[in-house]
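Working notes for the structure below.
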Amino acid sequence: MINNLQQIESFLQREILPLANQIDADPDTLKLALKQMGDHSWLALKVPQELGGLGLNETEYGRIQISLARISGALTFLQTQHQSAVAKLAQSKNSSLQQEFLPVVAKGETLIGVGFSHLRRPGLPMMSASETVDGYWLTGEVPWITGYGFFNHFILGATLPDGRELYGLMPLTNQVQQSGGTIAVSAPMKLLVGSGTNTVSATISQWFLSGDRLVSINPPGTIHQSSRHNVLNHGFFALGTAYEGLDILLNIASSKKLEFIQESWQTLHQELQLIEQRAIAWVADEQIDYHQKLQLRAETINLAQRCSLAAVVTSSGAANYQYSSANRVYREAMLFTVSGQTTDVMQASLNSLLR
């Protein structure tokens, strides 16, 4: 693990940091960065080694996500979509699908995104599935799919009539089936941060998903159980963003020679290290209950906001420049405030602002 982390951190400092502001908005530069990760076989970090990945545990994976988010929020957000998809594929009982994709996903020869966050939404399902003899009919709306033009496929989430969750592999492209089923992908959304990730929505009408494209069928509410179990995971992105803000603060302290900036960095850095230590220790600890982890997640979000704001404050008017690093980090803190957000995370985040 130490060797992998050192290699990734060296790569990020050498290849990605100089282009971080460009990567945020330019799909072509972001695509090159993602390809470089694939060239190093870093795109299946949690997949077991016997299935072609590095087999990292949650603690090891969390450390790498901190390092990534410390350099580029856009690259972090894009690659984690693929990492999540291939980890889900590695858990599938569809061995033929695994044999087709797992040997090539670590190197990025095939890239896969996700489109199932809508399963967390209450009310009528946004994506419905109905079973036939040899597959499933899918109809509905997918509000968020990141990576159009990057990913060849995405794992779609849909709800069966009995409430079970269906996950199936779909092409990420506009397409019409001979049966008349369609996938209609929107234009990339104009996002405030990470616009280069080409996040889209999709309308799916009477699409036939054959049985050999089925990833899994899970009991009702599985995605909510997963969100509770993994509540700390997105906190690592916030921690990386906090470090990125403090890196800017430290550089400004060195150039402006103002003692109070150095003191502010010291105070925030000490707090960040303590929260990071807890997050690393707690993420895989089943003895730490959900509410403790939820509160820590809120603390990571709050600290990312404060550290990024510190970068803006000390950058002065230059922070308002469109391609300012402080500007980008401030926007990344917003991104990782709402990424993977559940109602519980929303409430905990608001509560942390009221103290």
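Under 5 Å from the amide H of Gly113 lie the amide H atoms of His153, Phe154, Ile155, each residue being 5 or more positions distant or on a separate chain, with H modelled from the backbone and absent for Pro and chain starts.
A straight line joining the Cα centroids of region 236-273 and region 45-95 runs 28 Å. Computed about its Cα centre, the charge dipole of region 151-282 is approximately 260 debye, with only Lys, Arg, Asp and Glu carrying charge at their Cβ. Counting only protein heavy atoms and a probe of 1.4 Å, the accessible surface of region 238-328 is 53% carbon and sulfur.
Using a 1.4 Å probe, what is the accessible area per residue for the chain, in Å²?
Result: 46 Å² per residue.
Distance between the C-alpha centres of region 120-183 and region 305-346: 33 Å, rounded to the whole angstrom.
If you count, for each residue, the other Cβ atoms within 10 Å and average over each peptide, how do 341-348, 233-240 line up from highest to lowest?
Descending packing order for the listed peptides: 233-240, 341-348.
Dipole of the chain computed with +1 at Lys/Arg Cβ and -1 at Asp/Glu Cβ about the Cα centre; of Ser325, Leu214, Gly62, farthest Cα towards the positive end is Ser325. Amide H to amide H distances under 5 Å link Met127 with Glu141, Thr159, where only residues 5 or more positions off or on other chains count and H is placed in the peptide plane.
Checking (i) 20.5, 72; (ii) 21.1, 65; (iii) 20.2, 60 against Rg and Dmax of the Cα atoms in Å calculated from these atoms, the matching label is (i). Applying the Karplus relation 6.51 cos²θ - 1.76 cosθ + 1.60 with θ = phi - 60° to region 20-36 yields 3J(HN,Hα) values of 4, 5, 5, 4, 4, 10, 10, x, 5, 5, 5, 4, 5, 4, 5, 4, 5 Hz, where x marks Gly and Pro.
With the whole protein complex present, Arg121 retains an accessible surface near 110 Å², based on a 1.4 Å probe.
Give the peptides 178-188, 79-89 in descending order of average Cβ contacts within 10 Å, highest first.
Ranking the peptides 178-188, 79-89 by packing returns 79-89, 178-188.
Shown in residue order for region 294-309 are the 3J(HN,Hα) couplings computed by the Karplus curve 6.51 cos²θ - 1.76 cosθ + 1.60 at θ = phi - 60°: 4, 4, 5, 4, 4, 5, 5, 5, 4, 5, 4, 5, 5, 5, 5, 5 Hz (x for Gly and Pro).
The values are calculated or read from the model by the stated rules, or taken from the named source; none is laboratory data. Quantities reported herein were computed from a predicted structural model and do not represent experimental measurements. Cβ coordinates were reconstructed from backbone atoms using ideal geometry, including for glycine residues, and neighbour counts include every protein chain displayed. Keep in mind that these areas ignore ligands, DNA and RNA; they rest on the heavy atoms of the full protein, side chains included. Shrake-Rupley method; radii C 1.70, N 1.55, O 1.52, S 1.80 Å.
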